Amino acid sequence: MDNKRLGKLMLEQRNIQKKKISEVAFETNISVDQLDRYENKGDAFTQRDLKVLSHYYQLDISSYTLDIIKENKPSKWFFKMFYIKRDSDYKQCHPTIKSTFKSWIKGVKLRLRNADQHDVKNYLFSPEKVVTHTPYLYLKFFYVTLLLAVISDLNASPVLANIFVSMLVPVMLLILFLELDITREVKGIKILKYFLYGGTLSITVVYFFRGFVGYPNIMLLSDFLTGLVEESAKILVVFLILRKHKIQHVLTGMLIGFAVGAGFDVFETTDYGIATWYHNDASFVGMELNLLMRSLFALVGVGHHYWASILGGTLVYVSRSEKVRFKDFLHPTFIIMLIAMITLHAMWNFISSNYTWVALLYVIIPSLLLFLSMFYVAYTKAKIDVCRLERSQAEHIKERPRMIGIRYRRSYAKSFQRSYRFVDKEIPLDVNIAPKP
């Protein structure tokens, strides 16, 4: 962030102009305390103050990487993050069930190969060019990966079967999330990169801390300790990634958290598959059953991708600026959500290790409802913001002078016929055109 550097430059410009801070505050309508924080402490700028000060000091801020305060400030109450104000914009822009169902039906239909390649290229490198949000790429990945997993099973290949089955559900859901992301704040190629090295780094941090804390044999204590270490490692990696971007929407934070959690889940599932293979005397069937059970639960709401996504979205939600800070970890809302994720993780470990499968509903239902409710609100708010932006751009275009094509007429005296020719160039309406003699 270049906030401190820009603040020092503003201070130098004020000294060159020989103006007191009170004079600048009077002329810019910004308080003296706020100006002092901008100049000396490098506080995050508001959109209005940054625009006014850059114009006041005649500074070019295009080359600066600045921390800017978000327009939508987080609420003080925990459950407010699962609600949305139903105003006029909500009625016009929110995704209805009918339109959502139609988009999913369109995604099932086959498309041309050229169009598919074009869409994949846009998703990866130019997300701003994606016009529709019809999810269908996740189905292609699912079919191809499932076919490869079946072929590996028929050939009894433990390595390939382990890899393909472990990737089947988390990566499919990650591609689906990427297709549903309407904000397009992060490129798809970066999401895949965060999936790979984010998952690798987070699981490496877990094994590093496990070397010190170990696995206590006390009931529930080891489960809560596992949840604390793994959830803390994932959200730490998510935090380091979020620091590299300017994030305005909670949906983007959820997507980045989902990518890191999906990578963690794939590596952990692969680890479990290898452990089952060795501990059960190279039992291929036992390994496949373990992988399939974990993939099934990863589909219905239990998994690191869901929990890391919730924590990543919460971290963006509680942050007042476009870049998250360390102090956001101390926000009461984030602390409550972190405790909730650790508790769900510990309950899942305890229940699954004791084979009380009926009690799994106590983990699946809260985890799935928590994720879906948060995703729905984040997606709706993002869609309203995008709709609002498109509407403002359309109104801005309407305010420009209208352009018309000039119609010229030629008269032919002999045949008394008229022919018209349109000129390609366009001119404003206020230009007077004298008729030809």
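The values are calculated or read from the model by the stated rules, or taken from the named source; none is laboratory data. Predicted, not measured: the structure shown is a model, and the values here were computed from it. Note that we place each Cβ from the backbone using ideal geometry, even for glycine, and neighbour counts take in every protein chain shown.
Structure values in brief
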{"read-out": "Some residue of segment 246-263 being hydroxyl-bearing (Ser, Thr, Tyr), touching a residue at least 60 places away in the same chain (Cβ under 8 Å) and closer than 17 Å to residue 184 by Cβ", "value": "yes"}
{"read-out": "From 252, 269, 276, 226, residue being in contact with a Lys or Arg (Cβ under 8 Å, 6 or more places away or on another chain) and assigned to a helix (DSSP H, G or I)", "value": "269"}
{"read-out": "Pairs, first on the phi < 0 side of the Ramachandran plot and among the small types (Gly, Ala, Ser) in segment 3-15, second in a helix (DSSP H, G or I) and surrounded by fewer than 17 Cβ atoms within 10 Å (Cβ to Cβ), C-beta under 8 Å, six or more apart", "value": "7/40; 7/41"}
{"read-out": "Count of residues meeting criterion [surrounded by fewer than 17 Cβ atoms within 10 Å (Cβ to Cβ), more than 38 Å from the chain's Cα centre (by Cα) and closer than 14 Å to residue 52 by Cα] in segment 1-35", "value": "2"}
{"read-out": "Qualifying position, being under 21 Å from residue 276 (Cα atoms), in contact (Cβ under 8 Å) with a residue 24 or more places away in the chain and not polar (S, T, N, Q), among 168, 228, 154, 242", "value": "168"}
{"read-out": "Leading residue by the ranking (nearest to residue 386 (Cα to Cα)) among those in segment 86-105 that are of a type outside the set (Asp, Glu) and touching a Lys or Arg at 6+ places or on another chain (Cβ under 8 Å)", "value": "93"}
{"read-out": "Within segment 152-190, considering residues that are among the hydroxyl-bearing types (Ser, Thr, Tyr) and outside any helix (DSSP H, G or I), the one surrounded by the fewest Cβ atoms within 10 Å (Cβ to Cβ)", "value": "157"}
{"read-out": "Lone unmet requirement of (1) closer than 25 Å to residue 286 by Cβ; (2) over 21 Å from the mean Cα position of the chain (by Cα) for residue 169", "value": "(2)"}
{"read-out": "Check on residue 42, surrounded by 11 or more Cβ atoms within 10 Å (Cβ to Cβ) and in contact (Cβ under 8 Å) with a residue 40 or more places away in the chain", "value": "yes"}
{"read-out": "Wholly enclosed helices (runs of 4 or more DSSP H) of segment 1-66 bearing at least 3 residues closer than 29 Å to residue 243 by Cα and at pLDDT 85 or above", "value": "3-16, 32-36, 47-57"}
{"read-out": "Segment 67-87 - residue that is at pLDDT below 80 and of a type in the set (Lys, Arg) and, of those, nearest to residue 246 (Cα to Cα)", "value": "70"}
{"read-out": "Residue in segment 345-362 that is modelled with pLDDT of 90 or more and within 22 Å of the chain's Cα centre (by Cα) present", "value": "no"}
{"read-out": "Helices (runs of 4 or more DSSP H) within segment 284-358 that include 3 or more residues free of Cβ contacts under 8 Å to residues at least 60 places away in the same chain", "value": "284-300, 332-353"}
{"read-out": "Candidates 186, 250, 238, filtered to the one that is within 30 Å of residue 161 (Cα to Cα) and among the hydrophobic types (A, V, I, L, M, F, W, C)", "value": "238"}
{"read-out": "Of residues in segment 104-135 being modelled with pLDDT of 65 or more and small (Gly, Ala, Ser), the one farthest from residue 187 (Cα to Cα)", "value": "107"}
{"read-out": "Residue within segment 301-310 that is among the hydroxyl-bearing types (Ser, Thr, Tyr) and at pLDDT 95 or above present", "value": "yes"}
{"read-out": "Total residues in segment 191-202, condition among the β-branched types (Val, Ile, Thr) and buried (at least 23 other Cβ atoms within 10 Å of the Cβ)", "value": "1"}
